[in-house]
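The values are calculated or read from the model by the stated rules, or taken from the named source; none is laboratory data. Owing to the predicted nature of the structure, the values given are computational and were not obtained by experimental measurement. When we count neighbours, we look across all protein chains shown, and the Cβ atoms used for this are built from the backbone with ideal geometry, even at glycine. For the accessible areas, the whole protein counts, side chains as well, though only heavy atoms, and no ligand, DNA or RNA atoms are used. Shrake-Rupley method; radii C 1.70, N 1.55, O 1.52, S 1.80 Å.
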Amino acid sequence: MKDREITEQKILDAVGSMIETDGFESLGINAVAQKAGVSKMLIYRYFGGMDQLIAKYILQHDYWVNTELPLHDISGVGACLKQMFREQIATLRSDMVLKRLHRWELTADNEVVRLLRERRETNGCELVRVVSRLTKSPYAEVAAMATLLSAAISYLTLIEEQNKVYNGIDLCSDEGWQQLATGIDQIIDLWVKNKQQ
C-alpha cells in the first residue's frame, strides 16, 4: 500500500508540474505517465482516467475543500475567521497551479468541476453552520458574509496578473494584499463586535 501511495503522489505531482508549466492544455494520460515515469495503465488502475486524476488533484489542493474550523466557543471566532481568510489569500497568491485550476473551473462544466463544487459547498456550509451556531447568528447572515469575502479574495487573486491595480490597491505587492487583509480584519471585527452587543 505504501508503494501505491508513493506512486499516486508521484503522478499527482506530475499533474501539478505540468499545469504550472503549460496549463491544462498539456495534460493527457500519455504525457502525465511520461512525466511521472509510470505506465499509463497504472494511471487508469489507480485513478480510473484523466478526469478522475484531475479531480483527485484538485480535491487534494483546493483551499476551501480542505479547510477546517477548530472552534468550540465564541471567544476565538474573530481571530479564526481572520486567519482563514488570510490563509486563503496566501494560498491563492502563492500557488500558480491552484490559480490555473480556479480559472479553468470558471469555464468548465463537467463531472470533475461538479464534484469539486459539491465538496467545496459541503465543507463551506459546514463552516458557516459552525460560525452561525457559535455566534448565534442567522445562517443566511454568516453565509452572505463568508461568500462575499471569499469570492472577493478569489476574484482579486485571479485577476492580479492582468489587472495590477484595483481601486488604487496594488494587487501585485505584499503591501497591497496586507491592505486588503487589514480591511477584511476590520469587517470581521465590526461583525463580531455587533454580535457581542
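One table, with the values for the structure above:
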quantity	calculated
Where labels lie 7 Å past Cα in the beta-carbon direction, separation of Thr182 and Asp51 in nm	4.8 nm
Reachable lysines from Lys195, criterion Cα separation under 22 angstrom, eight or more residues apart if same chain	Lys82, Lys136
Within straight-line cross-link reach of Lys40, aspartates and glutamates at Cα separation under 17 Å, skipping those fewer than 8 residues along the same chain	Asp3, Glu5, Glu8, Asp13, Asp51
Per-pair calculated FRET efficiency, R0 = 45 Å: Gln162 and Asn194 via Cβ, rounded to 0.05	0.80
Most to least accessible of Met18, Met96 (protein chains only, probe 1.4 Å)	Met96, Met18
Label of the coordinate-derived value, Kirkwood radius over Cα pairs in Å, listed as (1) 18.6; (2) 24.6; (3) 16.7	(1)
Cα-centred dipole magnitude for region 30-189, charges only on beta-carbon of K, R (+1) and D, E (-1), debye, nearest 20	580 debye
Tyr166 long-range amide H proximity, modeled H, under 5 Å	Leu171
Expected 222 nm ellipticity per residue - DSSP helices of 4 or more, -39500 (n - 2.57), all of the chain, to 500	-25000 deg cm²/dmol
